[in-house]
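To start, the structure under review is shown below, and the notes come after it.
The values are calculated or read from the model by the stated rules, or taken from the named source; none is laboratory data. Only a predicted model underlies this, so the values are computations on that prediction, with no experimental measurement involved. Positions of Cβ are generated from backbone atoms using ideal geometry, with glycine treated the same way; all protein chains shown enter the neighbour counts. What goes into the accessible areas is simple: the full protein's heavy atoms, side chains included, and nothing from ligands, DNA or RNA. Shrake-Rupley method; radii C 1.70, N 1.55, O 1.52, S 1.80 Å.
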Amino acid sequence: MPVIGTAGHVDHGKSTLIEALTGIDPDRLREEKERGLTIDLGFAWLTLPSGLEVGVVDVPGHERFIKNMLAGAGGMDLALLVVAADEGPRPQTAEHLAILDLLEVPAGIVVLTKCDLVESDYADLVEAELEDVLAGSRMSGAPVVRVSALSGLGLDILRNTIDAVLATLPARRDLARPRLPVDRAFTIQGFGAVVTGTLTDGTLRVGDEMELFPEGLRCRVRGLQRHRTKVDGLGPGTRGAVNLSGVRTEEIHRGMVLARPGSLTSASSLVARLTASRILLHPLSHESEVTLLAATSETQARVRLLEAETLARGADCWAQIVLQSPIALLPGDHVVIRTPDETVAGGPVVAVNGRRLRRSHRPTVEGLERLLAGSPAERLADALVAGPRSMAEIASEFGIPEADATQLAALLVSSGEAQLEERLLIGRTWLRARSDAVVHEVATFLAANPLRRSAPREHVRRAVALDPTAFEIVVSSVVHSAEMETRGAGLAPVGYEPTLSRAQEEEISVFLASIRAEPFSPPTDRLPSAPVLAYLVERGEIETTAGGVVFAAEAFAEMVRRVKAHMADEGSLSLAATRDLFGTSRKYAQAFLEHLDALRITRRNGDLRTLL
Ligand code: GDP
Ligand code: MG
């Protein structure tokens, strides 16, 4: 059940045309009647010659009400661009035309109204002038129909033309995710709150549990009406009225979206492919404050242009838009931005709630371009190049329910493009790149420290700039693939051993022999260099202490054993007792005990130590 709507300059005969076509006066508000001016959206319906029923939205033409026009144009399948034959194209003819372009309204018909007021030669001239206005727009080449609401001239042709154009449009998609951007909310005595709007992406039935986003008001469908007739269900693309229970009219306003509970997320930022209006006067600059309009909602927002400093008439650019208050929208929806003076730009949303994007960064733009072109699975695979995501993050970024995110994730896992670990979805490309980085970093460290058996994990983590969770994922991957092995707090290629020079080997064996010869009083005057000591620590050959005393590992272990036995008997240990236990000097006893404290084997309490 398609929706058609009007567009065009004020007083060019839009509302009169709708009444002539439908028999319904779309100017429903008393104020509008008195002033003879459409201020807000008007609604009617019509059965076409083919029998097809269509909803009709009448929009205000006055520039002061352009936001209302935008709210109405969002759900249209077909726009009737109304131009009065006696006046020809005027400013809002061009502005509305530009908006229809930005919103990518699928089809259009130019309706030349008030043809009873002019000779047909004059109408020819106006049509020629219109051609220039339409040139380059999506409506260039659209059918033109001459009518008079007064005499009825051309109305049948118009009805048939509407039928013919609608027949060429694809059916509205049913994604089993109904959503209805609210354009009106009012109370009907005895029934309570009623909202109206154009339903997309799914079907509504009486009794359905619903939620009004982004405020999160839960409610239930109490009744449905289409064109003032009670119905049990509403299909995608239909204009309808929904009677809700569980909410009060005062809580509802235009811009809310009625959808299944939990089926939408609120976007507080979005990325869109913006195209500037073809009649833009003031180029949009980076970091501009604007009004963002999406379906029937609007908010203040800040625009970050990702590829340029300014966006001029007709140009396009990727932009990240930060919203002042959240809006429930989905990738694929169209947004329009306005300044107080003019409609600036618009285009499709490709992502919501993503991270802050880099400007003038080729790979970022290429990723966005693929996002614009790709299927949801492809878009997710692309997003994963930046890093792993939880299901909640995917749901938020793609504006889909978590159940859908899980399904999408399963798709990528089964195609081998991603894997699930610790409830994070990890992209193959990201994992390969990070794994290579870790392998490279370990190799770099070991080359710079030829005596080390491994690279400290924390050093590697910082060098590859990963957060701890992501780093653990990468490490377990390189361990799993047998590229690396973990050695204590270090990482090394599997089986890696440093190669020593003959001189170094000689130095080490002399040193080890010297400390083993006097295990409890190892000489401290000829210690090897720090890298050699680190090498021996890593191999488990020695125990170094802060006091500069280096024990052979087996001697140290023996000392610990004896000390523990002593304490089991005596309850505590003094410096003097330690000295006597090992027949050593005060210097060694002290270095040994302080090291035990540092290892948290013992705790010092005055002159005595106890086991921890
Ligand atoms: P809108 O602002 O575009 O909705 O214009 P309206 O429908 O309110 O019409 C503006 C004025 O033009 C009204 O006074 C109408 O009576 C008049 N009008 C509309 N259509 C025709 C027409 O086909 N012929 C003549 N002569 N007047 C018309
Ligand atoms: Mg009007």
Point to revise | V110 in contact with a Gly (Cβ under 6 Å, 6 or more places away or on another chain), of a type in the set (A, V, I, L, M, F, W, C) and within 29 Å of T198 (Cβ to Cβ) | key: no
Practice item. Tell me which residues, restricted to region 282-303, are out of contact with any Ser or Thr (no Cβ under 9 Å at 6 or more places or on another chain) and open to solvent by less than 10 Å² (accessible area, probe 1.4 Å). Key: A294
Check your understanding: In region 1-49, what residues are assigned to a loop (DSSP other than H, G, I, E, B) and open to solvent by less than 10 Å² (accessible area, probe 1.4 Å)?
Key -> G8, H12, P26, L41, L48
**Study point:** Selection from region 68-89 of residues that are closer than 19 Å to L180 by Cβ, more than 12 Å from ligand 2 (Cβ to nearest atom) and not in a loop (DSSP other than H, G, I, E, B)
**Key:** L70, A71, A73
Review point. Within region 242-268, how many residues are open to solvent by 20 Å² or more (accessible area, probe 1.4 Å) and in a strand (DSSP E or B)?
Key: 4
Exercise for review: Identify the residue in region 90-120 that is part of a loop (DSSP other than H, G, I, E, B) and within 16 Å of ligand 2 (Cβ to nearest atom) and, among all such residues, is surrounded by the fewest Cβ atoms within 10 Å (Cβ to Cβ).
Suggested key: R90
Exercise for review: Among what's in region 41-55 and is within 13 Å of ligand 1 (Cβ to nearest atom) and without any contact (Cβ under 8 Å) to a residue 60 or more places away in the chain, pick the residue that is farthest from the chain's Cα centre (by Cα).
Suggested key: A44
Check your understanding: In region 57-79, what residues are closer than 8 Å to G5 by Cα and within 11 Å of ligand 1 (Cβ to nearest atom)?
Key -> D58, V59
Practice item. Taking the residues in region 315-358 that are modelled with pLDDT of 90 or more and not in a strand (DSSP E or B) as candidates, determine which candidate is farthest from A295 (Cα to Cα). Key: A315
Exercise for review: For region 545-583, enumerate the residues that are closer than 22 Å to P528 by Cβ and among the hydroxyl-bearing types (S, T, Y).
Suggested key: T545
Review point. Which strands (runs of 3 or more DSSP E) sit wholly inside region 539-612 and have at least 2 residues that are without any contact (Cβ under 8 Å) to a residue 12 or more places away in the chain?
Key: 602-605
Point to revise | Cross-chain or 6+ apart pairs with Cβ under 9 Å, region 253-272 first and among the acidic types (D, E), then open to solvent by 50 Å² or more (accessible area, probe 1.4 Å) | key: none
Practice item. Hand me the list of helices (runs of 4 or more DSSP H) wholly inside region 381-463 holding 1 or more residues that are closer than 30 Å to S263 by Cβ. Key: 391-398, 402-414, 428-448
Exercise for review: Could you please find all residues in region 22-37 being modelled with pLDDT of 80 or more and within 12 Å of ligand 2 (Cβ to nearest atom)?
Suggested key: D25, P26, D27
Point to revise | strands (runs of 3 or more DSSP E) fully within region 181-226 counting 3 or more residues that are open to solvent by 40 Å² or more (accessible area, probe 1.4 Å) and touching a Leu at 6+ places or on another chain (Cβ under 9 Å) | key: 217-226
Check your understanding: Among the residues of region 9-17, is any within 12 Å of ligand 2 (Cβ to nearest atom), under 30 Å from T203 (Cβ atoms) and at pLDDT 90 or above?
Key -> no
Check your understanding: What number of residues in region 312-348 are open to solvent by less than 10 Å² (accessible area, probe 1.4 Å) and not aliphatic (A, V, I, L, M)?
Key -> 6
